[in-house]
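The values are calculated or read from the model by the stated rules, or taken from the named source; none is laboratory data. Computed from a prediction, not measured in an experiment: that's the story for all the values here. Here the Cβ is made from the backbone with ideal geometry for all residues, glycine too, and neighbour counts use every protein chain on show.
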Amino acid sequence: MTLKIKPPQQVVARPAGDNSLLAILSPGDFAQICMDLEHVLLRVHDVLNEPGEEIKYVYFPTAGCVSMVQVTPDGTVEVGTVGFEGMVGIPLLLHGTSAPTRALVQVEGEGYRMTSAAFRRTIAMSDSTYRILLRFALAFFNQVAQSVACNRLHSLEARCARWLLITHDRVDGDSFKLTQEFLSFMLGVHRPAVTLAAGVLQKAGYIHYSRGKITITDRPGLEGASCSCYHATRDDYLALAS
């Protein structure tokens, strides 16, 4: 799906500083990078980049979630999630030109993008910006490693709780749109298995799930149902601001 550029007269955009990475830049670095940013809407199922194709833009979400999904002949599974805490386009940071994963908007939101050329100029001109973005890349790679271990070692209910918590951290309020089909896609399982896992969490009173909409009704309970992988990943991202 084609990414929608938001007309400036239509809606007031969230400030670029709502992205945590941009917010911790020095005032000078922030002012410099803002000169090249373009505000965009992030619609569900928008593809920001395809595996193997040249990355044209780097994205800094301010709301919503973007999934990095690995596409194989045997199926598709999510390996990482990016929201307001990060950026989409890490390969450019590491002097690559393409990604092995598809960047897919899983929960609608908004953010800012800049061209790959402008991004390369930015990290070449500012060592401090480059270092901050590299720290995010490390935290993201830790998330990917944690997801691999989680998918192998933990129950589907715990993994589902972890994924819902990660998403809840990145959206406004306690409710967000999410179909069973998309959740099964993210967890790498068939829809009947997702129905059972979500049913267990709903019966326990942690969530309410109806007609493609999830509401977190008991956040502490959901954290208790999740595995330790959630807190490990969250702590890595919190350390970026310290």
What single numbered condition from (1) more than 30 Å from Ile216 (Cα to Cα); (2) under 12 Å from the mean Cα position of the chain (by Cα) fails to hold for Gly109? (1)
Selection count where residues are in contact (Cβ under 8 Å) with a residue 60 or more places away in the chain and either of a type in the set (A, V, I, L, M, F, W, C) or out of contact with any helix residue (DSSP H, G or I) (no Cβ under 8 Å at 6 or more places or on another chain) (or both), scope the range 170-217: 10
Among the numbered criteria (1) surrounded by fewer than 20 Cβ atoms within 10 Å (Cβ to Cβ); (2) closer than 26 Å to Asp236 by Cβ; (3) out of contact with any Phe, Trp or Tyr (no Cβ under 7 Å at 6 or more places or on another chain), which single criterion is violated by Leu187? (3)
It is to be established whether one or more residues within the range 88-104 are surrounded by 15 or more Cβ atoms within 10 Å (Cβ to Cβ) and among the basic types (Lys, Arg). yes
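Would you confirm, using the coordinates I've provided, whether Glu157 is in contact with a strand residue (DSSP E or B) (Cβ under 9 Å, 6 or more places away or on another chain) and touching a residue at least 40 places away in the same chain (Cβ under 8 Å)?
Spelling it out, it is not the case that Glu157 is in contact with a strand residue (DSSP E or B) (Cβ under 9 Å, 6 or more places away or on another chain) and touching a residue at least 40 places away in the same chain (Cβ under 8 Å).
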Is there a residue in the range 169-189 that is in a helix (DSSP H, G or I), at pLDDT 95 or above and not β-branched (Val, Ile, Thr)? no
Looking at the range 99-113, can you tell me whether even one residue there is in a strand (DSSP E or B), hydroxyl-bearing (Ser, Thr, Tyr) and modelled with pLDDT of 95 or more? yes
Take the range 19-74 and flag every residue that is surrounded by 14 or more Cβ atoms within 10 Å (Cβ to Cβ), within 14 Å of the chain's Cα centre (by Cα) and not in a strand (DSSP E or B). Asn19, Ser20, Leu21, Arg43, Val44, Asp46
Residue pairs within 8 Å by beta carbon, gap of at least six or interchain, first lying in the range 24-48 and in the same structural domain as Ile132 (by TED's automatic domain parsing), second assigned to a loop (DSSP other than H, G, I, E, B) and surrounded by 19 or more Cβ atoms within 10 Å (Cβ to Cβ), listed first then second, are Ile33/Leu25
Checking Ala137 against (1) over 16 Å from Val69 (Cα atoms); (2) outside the structural domain of Ser210 (by TED's automatic domain parsing); (3) of a type in the set (A, V, I, L, M, F, W, C); (4) modelled with pLDDT under 90, which single condition isn't satisfied? (4)
Would you be able to say whether some residue in the range 151-171 is surrounded by fewer than 20 Cβ atoms within 10 Å (Cβ to Cβ) and among the β-branched types (Val, Ile, Thr)? no
Extreme residue, nearest to the chain's Cα centre (by Cα), among residues of the range 112-122 that are buried (at least 19 other Cβ atoms within 10 Å of the Cβ) and of a type outside the set (Phe, Trp, Tyr): Arg113
